[in-house]
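Some notes on the structure that comes next.
The values are calculated or read from the model by the stated rules, or taken from the named source; none is laboratory data. Not measured: the values here are computed from a predicted model. Cβ: placed from backbone, ideal geometry, glycine included. Neighbour counts: every protein chain shown. Keep in mind that these areas ignore ligands, DNA and RNA; they rest on the heavy atoms of the full protein, side chains included. Shrake-Rupley method; radii C 1.70, N 1.55, O 1.52, S 1.80 Å.
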Amino acid sequence: MMKKLYILFFIALSSILYVGCADDYLESEPLNKISSAAVFENEGYAKALLSDIYSYMPNGFGWESIGHKGRGLGRRSFLDCTTDLIANKSGYVEAWHYVNYGQTPTNGQQFSNWEENYTAIFECNTFIDGIEGSSLSSNSNMQLMKTEARFLRAFFYFDLVRRYGAVPLITEVPDITDVDALYKSRTPETDVYDFIDTEFEEVAEALPFAKDMNVAGSEWGRICKEAAWGFHGRMLLHAKRYAKSAVMSKKVIDAVNEGTSDRTMEPDYQKLFVSEGNNKEVLFEILFDGVNKGGTVDNFSRPPSNRGTWGGQHNPTEDLVASYELANGLPATVANGHDPHDPYKNRDPRLEQTVIHHGSTFYGGVTYDLAWVYDASNSTWGPIKNTDAPHAQGLATITGYYLKKFMSEEVTAFDFGQSKQSWIVLRLGEVYLNYAEAQNEAVGPDQTVYDAINVVRNRSNMPNLEVNYPGLDPDGMFKRIQHERKVELAFEGHRFWDIRRWRIGADVCNGSVPVNPAAPEEGGYMSCCYALKQDDGTILYLTPSTMDDVLAPGDKLAKDPYTNTRRTYIWDDKNYLMPIPQSALDKNPELKEQNPGY
């Protein structure tokens with residue numbers, strides 16, 4: 001029997017628009033406090049509550065976005081700003097605090113979401129229980145929404161277990177009259193993954209394909225069959241259940257190849273990331289309308305000359321830029337014909353589509369001059385003040401690069417919460433790479449592994465992997481998969497989790513320029529690249545590896561070509577898990593032990 005609880009939830013205008021046909025029920029009862037019986041006896045109310053649950057799904061644009069409840073991916077920075085891919089310009093931004101100080105039980109540095117996930121899980125359990133006790137329980141739309149709530153609950157548990165390890169597994173609405181029942185101990189990771197595995201597998205069977213969502217009583221922005229399969233494959237990678245992970249990702253790929261799914265790779269990589277909804281490569285995304293629910297990525301990321309109110313916060317590193325191959329698929333090294341002083345010529349096209357560098361043309365045909373000049377009076381190379389050059393002003397890049405991925409030339413600068421760009425949570429390109437990794441781990445680098453990677457590379461006019469890397473063994477293929485994920489999925493939040501899955505934190509998160517080369521565990525800095533304009537107008541590029549060749553004896557620099565103007569990158573193995581919030585430990589004595597190192 002459905003428990004007599006009261007569900008408090010607020011229905012913003014975006015939710016009213018989302019549920020549709022609002023006039024039938026909005027006038028019947030106050031919206032700020034609705035009994036559970038009323039909610040689940042009315043399809044519109046139930047849909048509004050489901051919309052509220054969806055608002056806890058992760059939004060990688062940060063929670064400075066408006067109208068979305070999801071937390072745990074940062075406030076002003078991307079999750080990948082805590083990695084080797086991208087640095088934040090301002091020292092107060094939470095990513096710097098994470099890389100330098102790490103998290104504590106009392107300070108999650110804006111990357112913890114224990115409370116939000118369990119709030120969402122409570123809503124899911126309430127929703128499932130409410131549908132089961134409703135007179136409308138056999139209604140097909142109500143059954144579909146119950147299936148979606150099961151998916152969402154499983155997803156929130158996936159987010160919890162990858163962050164915190166063992167967590168309490170609660171699948172029913174607790175009886176508030178039984179105090180002991182309110183306190184749950186931590187369920188082993190394996191058991192949590194078992195639960196998610198079963199739920200994802202069962203709900204996928206009841207969900208419509210993306211192309212059939214409207215006919216099935218759903219709409220874009222809710223979960224579809226392809227997304228459930230794709231998330232299942234991703235989750236199983238984290239659980240290291242590679243054979244089944246490959247099977248789940250292959251379900252998506254087969255549906256695309258057979259035409260039962262209408263999803264397909266977007267031909268234009270750059271266009272994909274300025275989508276405002278339902279790009280055919282996308283399997284699941286957070287939708288924004290720019291009014292009631294909006295992002296803030298343009299405001300935070302534009303160069304100063306195109307700024308919003310903040311601007312220039314997200315600066316790609318030279319460590320990322322150096323990772324992009326030459327156009328022929330070989331590493332960008334001098335031995336392979338790469339010129340470090342014409343560094344962006346003949347490179348993987350994704351480089352030009354991901355970062356703004358000196359000489360880039362963007363924002364209505366503007367060609368960016370990010371060069372430093374030489375001041376003979378003090379023998380110093382440095383920026384011209386109040387330009388877009390590195391360190392030229394408070395809003396200027398610190399790495400020599402600005403963000404191009406996610407940036408739209410079609411929109412003007414605006415304030416917080418006004419961007420309509422969607423946040424892509426899962427896309428087909430990731431599924432191909434998830435399949436490649438899982439299949440390689442399960443059976444080795446067979447032709448299907450090459451084929452999956454080639455689909456991703458070919459979209460960007462990169463040659464097939466076997467052109468330069470034929471006959472790879474599993475370890476060699478794994479290195480190529482690591483590379484492909486680093487560049488293809490840059491800034492989408494995957495690098496943070498890949499570092500943890502692969503346990504390579506000490507290798508990449510102590511910086512590429514160590515503070516003390518004899519003791520790399522003391523941390524270091526990420527590499528930058530500054531264009532130096534010579535007297536004849538030519539450019540030499542200053543990086544940590546070119547300093548000796550570029551600088552003349554006695555030359556000084558306004559700033560070093562690495563991020564030592566900000567906090568040191570220091571990796572600690574405890575970062576493979578996040579700390580359980582102290583507030584949760586204080587409230588629930590059954591949680592008992594904190595995660596190691598905290």
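Find how much the distance from Ser135 to Thr264 grows on full extension, using 0.36 nm per residue of separation minus their present alpha carbon separation; answer in nm with one decimal.
42.4 nm
What does DSSP give for the chain in terms of the percent of beta bridges that are antiparallel, rounded to the nearest 5? Show your work: numbers first, answer last.
Values: 29 of 33 bridges.
Roughly 90 percent of the beta bridges in the chain run antiparallel, per DSSP.
Please identify the chymotrypsin sites (Phe, Trp or Tyr not before Pro) of the stretch 392-448 that satisfy two criteria: DSSP loop assignment and at most 15 other Cβ atoms within 10 Å. Which are they?
Sites meeting the loop and neighbour criteria: Phe414.
Taking the dipole about the Cα centre of the chain, with the C-beta of Lys and Arg at +1 and of Asp and Glu at -1, give me whichever of Gln582, Ser419, Val431 is farthest to the positive side.
Towards the positive end, the residue furthest out is Gln582.
Charges on Cβ only, +1 for Lys and Arg, -1 for Asp and Glu, centred on the Cα centroid of the chain; of Pro561, Pro445, Ala228, which one is farthest towards the dipole's positive end?
With unit charges placed on the Cβ atoms, the residue in question is Pro561.
Would you mind checking which residues have amide H under 5 Å from Leu557's amide H? H placed 1.01 Å from N; only 5 or more apart, or other chain.
Trp381
Can you give me the orientation-averaged projected area of the convex hull built on the Cα atoms of the stretch 479-521, in nm²?
Over every viewing direction, the Cα hull of the stretch 479-521 projects on average to 3.5 nm².
Any chance you could give the angle, 0 to 90 degrees and rounded to 10, that helix 43-54 forms with the longest Cα principal axis of the chain?
Roughly 30 degrees between the two axes.
What list of ³J(HN,Hα) values in whole Hz, one per residue of the stretch 492-503 in order, does the Karplus curve 6.51 cos²θ - 1.76 cosθ + 1.60 (θ = phi - 60°) give from phi, with Gly and Pro shown as x?
Once rounded to whole Hz, the list reads 8, x, 7, 4, 3, 6, 4, 4, 6, 4, 8, 6.
When only the heavy atoms of the protein chains count and the probe is 1.4 Å, how do Val487, Val455 rank by accessible area, highest first?
Val455, Val487
Can you give the translational diffusion coefficient of the stretch 343-471 in µm²/s, computed by Stokes-Einstein from the Kirkwood radius over Cα pairs at 20 °C and 1.002 mPa s?
The diffusion coefficient I find is 117 µm²/s.
Where the accessible area of the chain is counted over protein heavy atoms with a 1.4 Å probe, how much of it, in %, is carbon and sulfur?
So the carbon and sulfur contribution to the accessible surface is 49 percent.
Under a point-charge model restricted to the Cβ atoms of Lys and Arg (+1) and Asp and Glu (-1), what is the dipole moment magnitude of the stretch 463-598 relative to its Cα centre, in debye to the nearest 20?
440
Where does the stretch 210-274 land on Rg(C-alpha)/(2.2 N^0.38 Å)?
1.24
With all protein chains present and a 1.4 Å probe, how do Arg503, Arg186, Arg350 order by accessible area, largest first?
On the way: Arg503 145, Arg186 60, Arg350 0 Å².
The ranking, largest first, comes out as Arg503, Arg186, Arg350.
Loop only per DSSP, at most 12 neighbouring Cβ atoms within 10 Å: give me the trypsin sites (Lys or Arg not before Pro) in the stretch 231-312, ordered by residue number.
Within the stretch 231-312, the qualifying trypsin sites (Lys or Arg not before Pro) (loop, at most 12 other Cβ atoms within 10 Å) are Lys240.
Report the convex hull volume per residue for the stretch 394-550, counting only C-alpha atoms, in Å³.
219
Just to verify a number: FRET efficiency for Asn378 and Asp548, C-beta to C-beta distance, R0 = 22 Å, to 0.05? Display every interim value, and only then the final one.
On the way: r = 21 Å, r/R0 = 0.96.
Once rounded, the FRET efficiency stands at 0.55.
Mind computing the radius of gyration and Dmax over the alpha-carbon atoms of the stretch 540-598? Å is fine for both.
Looking at the stretch 540-598, its Cα Rg and Dmax stand at 22.2, 65 Å.
Suppose every K and R has +1 on its Cβ and every D and E has -1 on its Cβ; what is the size of the dipole of the stretch 202-261 about the Cα centre, in Debye to the nearest 20?
360
Give me, ordered by chain and number, the residues 5 or more places off Ile356 or on other chains with an amide H under 5 Å from its own placed amide H.
Here the answer is Tyr402, Leu403, Lys404, since their amide H atoms fall under 5 Å of that of Ile356.
How far is it, in nm, from the label point at Asp586 to the one at Val291 when both lie 7 Å from their Cα along the line to the Cβ?
That separation, rounded to one decimal, is 4.2 nm.
Percent of alpha carbon pairs in the stretch 252-329 separated by more than 17 Å?
More than 17 Å apart: 68 percent of the Cα pairs in the stretch 252-329.
Would you please report the Å³ per residue occupied by the convex hull of the alpha carbon atoms in the stretch 100-219?
Working: hull volume 16.2 nm³, N = 120.
It is 135 Å³ per residue.
Where nothing but the Cβ of Lys and Arg (+1) and of Asp and Glu (-1) is charged, how large is the charge dipole of the chain around its Cα centre, in debye to the nearest 20? Mind showing how you got there, number by number?
Numbers: 57 positive and 82 negative charges, 140 e Å.
Charge dipole of the chain: 680 debye, to the nearest 20.
Less than 14 Å from a label point 7 Å out along the Cα-to-Cβ axis of Glu201: which backbone N atoms in the stretch 237-263 qualify, by residue?
241-249
Taking amide H positions as placed 1.01 Å from N in the peptide plane, with prolines and chain starts having none, which residues 5 or more places from Trp372, or on another chain, fall under 5 Å of its amide H?
For Trp372, whose amide H was placed from the backbone, the distant partners under 5 Å are Ala531, Leu532, Lys533.
State log₁₀ I(q)/I(0) for the stretch 286-379 at q = 0.16 Å⁻¹ as given by the Debye formula over alpha-carbon point scatterers of equal weight, solvent excluded.
The Debye formula, applied to the Cα set alone, gives -0.86.
Keeping all protein chains in the complex and leaving out DNA, RNA and ligands, what accessible area do you get for Lys587 with a 1.4 Å probe, in Å² to the nearest 10?
Approximately 140 Å² for this residue.
Along the charge dipole of the chain, pointing to its positive end and built from +1/-1 on Cβ of Lys, Arg, Asp and Glu, which listed residue (Pro390, Tyr269, Ser512) has its Cα farthest out?
Pro390
Percent relative contact order of the chain, based on C-alpha pairs within less than 8 angstrom and at least six residues apart?
Reported as a whole number, the value is 17 percent.
Cβ neighbours within 10 Å, averaged per peptide: list 461-467, 131-137 in order, most packed at the top.
461-467, 131-137
Can you give the local net charge around Asp268? Use residues other than it whose beta-carbon is closer than 12 angstrom to its beta-carbon, Lys and Arg +1, Asp and Glu -1.
Counting the neighbours of Asp268, the net charge comes to +2.
Set the Förster radius R0 to 25 Å, insert the Cβ-Cβ distance between Ala181 and Ala37 as r into 1/(1 + (r/R0)^6), and round the FRET efficiency to 0.05.
0.65
Can you list, largest first and rounded to whole Å, the semi-axes you get for the chain by taking the square root of 5 times each eigenvalue of its Cα gyration tensor? Each step should come with its number before you reach the end.
Working: eigenvalues 367, 133, 119 Å².
Those come to 43, 26, 24 Å.
Net charge near Ile570: determine it from the other residues with C-beta under 15 Å of the C-beta of Ile570, scoring Lys and Arg +1 and Asp and Glu -1.
In short, -3.
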